[in-house]
Amino acid sequence: MENEVLKAIRERRSIRRFKPEQITDEELKTVLEAGTWAPTGHGTQAPFIIAVQNPALREQLVQMNAEIMGVTSDPYYGAPTIVLVLAPADNANHERDGSLVLGNMMLAAHSIGLASCWINRVDQMFEREDGKAILRDLGMPEGLAGVGSIALGYASSHPHTVKPRKEDYYKVVK
């Protein structure tokens, strides 16, 4: 069976080299809206999506993530846009719901010619006081937990190999 969605799922790769050029507003809106269509437990639409293109805030996020990771390099690989996904910590499905939002956005990005990579440590970033201060400054509600983020932009290179899927990845029981 073949269609555009299945093709995008098979072709999307995590990209770790980005061009410095910023993506267009239309491209960003397309990716963000795709996130809003992700399923959420009980239809709560509880996650929040924050797209960061402001250079000063982007740099602050890079520094926080790098510090947690224990590196001095850019954990966002120079991507000009960082997209954060958070959800109320008291929502039992916050990690699952936020993960689906991130997955939708990465597939949407690929489908329109953008590159992305899931970046971890967002939970730790927004447990810190400086992370909580950022959320307050952005007018976000209290009690949000970081789920994940994506580096988003135009790829400056693509992987040349694709790791084969393991043989016993799924099982059918009838």
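The values are calculated or read from the model by the stated rules, or taken from the named source; none is laboratory data. Keep in mind the model is a prediction, meaning the values are calculated, not measured. No Cβ is skipped: glycine too gets one built from the backbone with ideal geometry, and neighbour counts run over all protein chains shown. The protein model used for the area step is the full one, side chains on, heavy atoms only, and it has no ligands, DNA or RNA in it. Shrake-Rupley method; radii C 1.70, N 1.55, O 1.52, S 1.80 Å.
Assorted remarks:
- Residue count, the range 1-34 (criterion: within 16 Å of the chain's Cα centre (by Cα), in a helix (DSSP H, G or I) and of a type outside the set (D, E, K, R)): 6
Yes/no per residue for (1) in a helix (DSSP H, G or I); (2) more than 17 Å from E11 (Cα to Cα); (3) of a type outside the set (A, V, I, L, M, F, W, C); (4) within 16 Å of the chain's Cα centre (by Cα):
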{"residue": "D74", "(1), (2), (3), (4)": "no, yes, yes, yes"}
{"residue": "R96", "(1), (2), (3), (4)": "yes, yes, yes, yes"}
{"residue": "A133", "(1), (2), (3), (4)": "yes, yes, no, no"}
{"residue": "E142", "(1), (2), (3), (4)": "no, yes, yes, no"}
{"residue": "R165", "(1), (2), (3), (4)": "no, no, yes, no"}
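- Criterion applied to G139, G131 was being open to solvent by less than 20 Å² (accessible area, probe 1.4 Å), modelled with pLDDT of 95 or more and within 26 Å of E59 (Cβ to Cβ), and the one residue passing it is G131.
- Answer residue from the range 1-49, given it is touching a helix residue (DSSP H, G or I) at 6+ places or on another chain (Cβ under 8 Å) and among the small types (G, A, S) and is farthest from G148 (Cα to Cα) among those: A8
- Residue satisfying condition, being under 17 Å from Q22 (Cα atoms) and among the hydrophobic types (A, V, I, L, M, F, W, C), within set L114, L86, L107, L102: L114
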